[in-house]
Amino acid sequence: PQRLDPVQWSMTSTAEVAKAGATVPLRLTAKIEPGWHLYSLTIPKDLYPTKLTLVDNPAVDSYTVYQPPPVRAMDPNLKEIVETYSNQAEFWIPATLKSDAAGPVEMTAQVRYRACDDKQCLNPRTKTATFKLTAAAAAPAIEEFRAPTGYIEVKPGAPPVERVTEKASTTSAQ
């Protein structure tokens, strides 16, 4: 049987050339086949949130991950309210180059994710997507990155969200 592979990842940027020390806006796009969904980065860790990192690179000083606003809905497989993306999800990863970055720089995003439809969940997989740019002193300045409206900053390495047990908020009238 053919292995189901409903999510394809690609990474692009408006900056093909960047000065050392510049912050390059990387756009990581997940294309999701109809009927399937991907989980957000911010659901409790036992529900397999999507994990997104930039592979260590000597030319990259730091980076941040921004996720688009997810859809909150009851998941028929997990029987819980979860945060998902369907069709397409665009994550932004502004990555700051080191002050001595020079020449070709290959940036690779690594994604660990689980895709589900209404009846089944596939095993978690890890995929990568790469974007190549050149660090050069003569590069044009890059417009300062601003996250699109509704995007949420997800600190890389932030502790996974622990489950919050919903306590019935019954305020008994004394």
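FYI, it's all coordinate maths here, none of it is from the lab. Note that the structure is predicted; figures quoted are calculated from it, not measured. A quick note on method: Cβ atoms are made from the backbone with ideal geometry, for glycine too, and the neighbour counts reach across all protein chains shown.
Key figures
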{"read-out": "Over 28 Å between alpha carbons, listed pairs 31/51; 45/132; 45/98; 132/155; 119/155", "value": "45/132; 45/98; 119/155"}
{"read-out": "FRET E, pair residue 99, residue 143, Förster distance 22 Å, beta-carbon r, rounded to 0.05", "value": "0.65"}
{"read-out": "Sites matching trypsin sites (Lys or Arg not before Pro) across the range 1-110 that sit in DSSP coil, with at most 10 neighbouring C-beta atoms within 10 Å", "value": "3, 79"}
{"read-out": "Inter-label distance, nm, simple model (7 Å from Cα along the C-beta direction), residue 27/residue 117", "value": "2.9 nm"}
{"read-out": "D_trans [Stokes-Einstein, Kirkwood Rh over alpha-carbon pairs] for the chain, 37 °C, 0.692 mPa s, µm² s⁻¹", "value": "186 µm²/s"}
{"read-out": "Gain on full stretching of the segment that runs from residue 14 to residue 55 - 0.36 nm per residue minus C-alpha separation", "value": "12.7 nm"}
{"read-out": "Placed amide H near residue 26: partners under 5 Å, 5+ positions off or other chain", "value": "93, 95"}
{"read-out": "In sequence order, calculated HN-Hα J values of the range 15-25 (Karplus, 6.51, -1.76, 1.60; Hz; x Gly/Pro)", "value": "9, 9, 10, 9, 6, 4, x, 6, 9, 9, x"}
{"read-out": "Residue 151-residue 42 pseudo-label distance in nm [points 7 Å out on the Cα-to-Cβ vector]", "value": "1.4 nm"}
{"read-out": "Around residue 128: net Lys/Arg minus Asp/Glu count, Cβ-Cβ under 12 Å", "value": "+2"}
{"read-out": "The range 112-122 - phi-based ³J(HN,Hα) in whole Hz, Karplus 6.51/-1.76/1.60, Gly and Pro as x", "value": "10, 8, 10, 10, 9, 10, 6, 10, 8, 10, 7"}
{"read-out": "Candidates per GluC sites (Glu not before Pro) in the range 108-158, loop by DSSP, up to 16 other Cβ within 10 Å", "value": "143, 144"}
{"read-out": "5 angstrom amide H check on residue 54, placed H, neighbours 5+ away", "value": "110"}
{"read-out": "Hz values of 3J(HN,Hα) by residue in the range 71-84 - Karplus curve (6.51, -1.76, 1.60), Gly and Pro given as x", "value": "8, 8, 7, 6, 9, x, 7, 8, 6, 9, 6, 10, 10, 9"}
